[in-house]
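Here, each number is a calculation from the coordinates, and none is a lab measurement. Here the structure is a predicted model, which means the values were calculated and not measured. Cβ coordinates were reconstructed from backbone atoms using ideal geometry, including for glycine residues, and neighbour counts include every protein chain displayed.
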Amino acid sequence: MKKTLTSVLLASLLAMFVNFNANALGSPLEKGTIAATAALGFQPGLGASLSGEYVLVDSWWEGHFAVGLGIQTVAISSEGLNFGILPKATYGIFLTDAIEVHAGIQLGFGHNKNRGNGFAYGGLLGGRYFFNDTMAAGLELNYTGWGAAYTPLVSLGYTILF
């Protein structure tokens, strides 16, 4: 398992540097683009998230509007595994050809071992640095209002565009 993970990480790093000059001009987040993100999150415990976004509009107030779905987990040793399934809507703009910032809202379902199941809502603020037209690294700050344990507070992620 460790060998496989190391191979995947090395291949990803190599792909980033091989394609670094791959014409990262303009907005890679055009209408119809799908952005898939895998992230590690940090809060009182360690978490992980997988999310997908679909860009609906690419020219709204100089930015882009996307909808998506995120699945977040936070494992806190004293509280067990907490998770959330949160559809989201985001608006983002490119500050430069390679730097994008975004903000959004999340509404969905959450499970907290101590509080049970219920409606979850929250907001997010983040940014991504695009290495080329298809790959980016990102940082995101999240807040979930119902039992804040489903969404990692700070997430570091890797995004691939399709």
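In percent, how large is the relative contact order of segment 43-126, given Cα pairs closer than 8 Å and 6 or more residues apart?
This gives 22 percent for segment 43-126.
Which ordering of F94, F162, F131, F109 is given by a fewest-first count of other beta-carbon atoms within 10 Å?
On the way: F94 18, F162 10, F131 21, F109 15.
Exposure proxy ranking, most exposed first: F162, F109, F94, F131.
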